[in-house]
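Engineer: This structure is in structure tokens; I'll ask about it shortly.
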Amino acid sequence: MSTARTITKYKFAGFGGQGVLFIGKVLAQAGMLAKQQVTWIPAYGPEMRGGTANCSVIISSKKIGSPTVGKPNVAIVMNEASYLKFIDTVVPGGTLYVNSSLIPELPGRVDIRIVRVPVNEIAHEMGDEKVANIVMLGVMQAMIPAVPDDILEKVLLQLAGKKPALAEQNMRALKAGKEYAMNL
């Protein structure tokens, strides 16, 4: 019997309307369904759309001592301001996923993995730029699976509610992100 503690701390950041709080919620709910200990803490500026937004998620096999995420293992940044704010917080050896559609090549770090993904273009090719966040979630899930794929898909379907077109688009976006990750 293993006593190893598995804990992953995530930070998702962008401007309001990019869906960073939503992907955090998806991941947190999927973690709960996977019978993990989970925290989800949203934070956003005064504007609902266009203001800054970020959320912290922790998924752990053991009890979580503190819900705050000062130093994430994994971060997704969807805009340049979030990149500049959070690049230095990722732990050495961690991974930073960057929306290269909106974030130019900027100074990075040599002690973390930086994965640049043109999620807006991928989502645009699918016919709906609003799912760029789900594309990025698919890339992350393919490279560093947070939860089993079937559970993540189940949560995406549940959160789409009674909107089958949205559920289908989210599934396509998740798949597109996973496929993009296979070529990295």
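The values are calculated or read from the model by the stated rules, or taken from the named source; none is laboratory data. Note that this is a predicted model, so its numbers are computed, not measured. Note that we place each Cβ from the backbone using ideal geometry, even for glycine, and neighbour counts take in every protein chain shown.
Engineer: Going residue by residue through the range 151-170, is there one that turns out to be closer than 26 Å to Asp88 by Cα, assigned to a helix (DSSP H, G or I), free of Cβ contacts under 8 Å to residues at least 40 places away in the same chain and not aromatic (Phe, Trp, Tyr)?
Structural biologist: Taking the range 151-170 as the starting set, the residues that turn out to be closer than 26 Å to Asp88 by Cα are none.
Checked against the condition, which is being closer than 26 Å to Asp88 by Cα, assigned to a helix (DSSP H, G or I), free of Cβ contacts under 8 Å to residues at least 40 places away in the same chain and not aromatic (Phe, Trp, Tyr), the range 151-170 yields no hits at all.
Engineer: Every residue in the range 57-75 that is touching a helix residue (DSSP H, G or I) at 6+ places or on another chain (Cβ under 8 Å) and farther than 15 Å from Ala13 by Cα, please.
Structural biologist: Hit for the range 57-75 is Ile59, nothing else.
Engineer: Let me ask something else. Please find, within the range 152-171, the residue that is surrounded by the most Cβ atoms within 10 Å (Cβ to Cβ) out of those that are at pLDDT below 95 and basic (Lys, Arg).
Structural biologist: Looking at residues that are at pLDDT below 95 and basic (Lys, Arg), I get Lys163.
Engineer: Would you pick out the residues in the range 127-150 that are assigned to a helix (DSSP H, G or I), out of contact with any helix residue (DSSP H, G or I) (no Cβ under 6 Å at 6 or more places or on another chain) and within 18 Å of Ser101 (Cβ to Cβ)?
Structural biologist: Passing the criteria: Lys130, Met140.
Engineer: Can you confirm whether Leu102 is out of contact with any helix residue (DSSP H, G or I) (no Cβ under 7 Å at 6 or more places or on another chain), hydrophobic (A, V, I, L, M, F, W, C) and within 25 Å of Trp40 (Cβ to Cβ)?
Structural biologist: Against the criterion (out of contact with any helix residue (DSSP H, G or I) (no Cβ under 7 Å at 6 or more places or on another chain), hydrophobic (A, V, I, L, M, F, W, C) and within 25 Å of Trp40 (Cβ to Cβ)), Leu102 does not qualify.
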